[in-house]
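Undergrad: Here it is, the structure, as C-alpha cells.
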Amino acid sequence: MYWRPERLATQERSNTPLPHGFIGTVFRAVLEAGAAAPVGCLLSTERTMSTTRERIRGSMPALITPMKNGKIDEAAFRKLVSWQIAEGSHGLVPCGTTGESPTLSHEEHKRVVELCVEEANGRVPVIAGAGSNSTDEAVALTRHAKAVGADAVLSVTGYYNKPTQEGIYRHYAKIAESVDIPILLYNIPARAVIDISVETMARLSKIANVIGVKDATANMARPSRERAACGKQWRLISGEDITALGYMAHGGHGCISVTANVAPRLCADFQEACLQGAFETALGLQDRLTPLHDAMFVEASPAPVKFAASLLGLCTDEVRLPLVSASESARALIRGAMQTTGIAPN
C-alpha cells in the first residue's frame, strides 16, 4: 500500500500516523521543513519499488559460498554467479543459510554480497541475505547491502530468541524505517522456531518497502491466505524446492532454490512453465527434479549441494564447522540423483 502525495497537504491536520519505511522518512522531512509535497520523488519511489517487485520472480538460487582452505574462494564464487546467469536463473540470493551465513564473519558476509553485485552487474536482481536475530545487526547488514547496490534484501525472523508477533512486527518495521531498500521477509519456522502469522504479514505489507515473503513453511494454504490479507501485489516466493509446484499453482511468483545451484537451467525452465500456466510441462520437470530435491537435504544443507557442485567442477565441497562434508552414503545418493536427473558430469 502506497501513500498518495495529495494526502500530504492535510497530514499536519490529521491524526493518521505517518507511513513506515523510507516514504515515511521523506514525509517527515518535508513536514519538518514545511515544504511542498515532493510528488515527483514519491512517484519515482513507487516506480522503483514496482520495478524491483516485478523483477523478483522465477528461479533464484540461494547461492552456496565456495570455500578453499578455510577461506572464501572468490574466483569460484564469481564463476558460479556468471554460470547461473548464463543458465537462465532469474535472480541471485547470496548469504542465506545455504551460503553458510551463520559461519561467515561480518567482513566475509559483506564481501560475498559485494562480489555477487559486481559479477551480476545488473543482469539479474541480487537479493542479499541480511537477516539477524539482532535488529541492530540486521539494520547494519541491510545498510551495507543497499550501499553496494543490492536490489533487495532477504530478512529472516528472530531465530532462537523467539520474539512475539509484536516483536516480529517491530523488528521488520525498524529495518524498513532505517534503510530504503525492498525487503523480503523470510518465514522458516523449522529453523527459526517462530512463524510470521498471516495477521502480522498483513500489518507489515502496509510498510512501503516490505514487498513480500520467502515462504519455507511448506503450507500450501499460506500463499492464498497471504494474498487475501496482503493484496495481490504482495510477492510470494517459495523457499522449498519440493513443494514449489504446489506453491506456484497457488499463485506464487518464484522460488529461492537450493537445487538451482547445480541444476539452474532445469529450475529456470520449471519456473518459466509455472509462470506461463503450463503446469503439465512444469509437472514433468518437477518429477525429473524430485530425486535431486530430496538428495540436497539427505544431510545438513549445504553439504549435499556443495558436494554436487564439486562434481560439476564449480568449487570444492568444503563447509565450515559445525557442518561437515557429506558422508560416503550421502555422496552415493547424490551421485545417483544427479544421474537420474540428467546433470551428472560425463
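No lab work stands behind these numbers, since they all come straight from the coordinates. Bear in mind that the values here come from a model prediction, so they are computed numbers and not experimental data. Ideal geometry is used to build each Cβ from the backbone, glycine not excepted, and the neighbour counts take in all protein chains shown.
Undergrad: If residue 344 satisfies every condition in (1) among the hydrophobic types (A, V, I, L, M, F, W, C); (2) more than 22 Å from residue 67 (Cβ to Cβ); (3) outside any loop (DSSP other than H, G, I, E, B) but one, which is the exception?
TA: (3)
Undergrad: Residues that are under 22 Å from residue 184 (Cα atoms), under 18 Å from the mean Cα position of the chain (by Cα) and not in a helix (DSSP H, G or I): does the stretch 288-306 have at least one?
TA: Yes, that holds for at least one residue.
Undergrad: Pairs only if they're at least six apart or on different chains, beta carbon under 6 angstrom, first in the stretch 268-284 and closer than 18 Å to residue 90 by Cα, second surrounded by 14 or more Cβ atoms within 10 Å (Cβ to Cβ) and β-branched (Val, Ile, Thr); list them, first residue then second.
TA: If the second residue must be surrounded by 14 or more Cβ atoms within 10 Å (Cβ to Cβ) and β-branched (Val, Ile, Thr), the pairs left are 273/281.
Undergrad: Another one. Which condition from (1) within 26 Å of residue 69 (Cα to Cα); (2) hydroxyl-bearing (Ser, Thr, Tyr); (3) touching a residue at least 40 places away in the same chain (Cβ under 8 Å); (4) surrounded by fewer than 23 Cβ atoms within 10 Å (Cβ to Cβ) is the one that residue 290 breaks?
TA: (1)
Undergrad: Still on this structure, please answer the following. Taking the stretch 81-105 as the search range and keeping residues that are in contact (Cβ under 8 Å) with a residue 40 or more places away in the chain and assigned to a helix (DSSP H, G or I), which one is nearest to residue 54 (Cα to Cα)?
TA: 84
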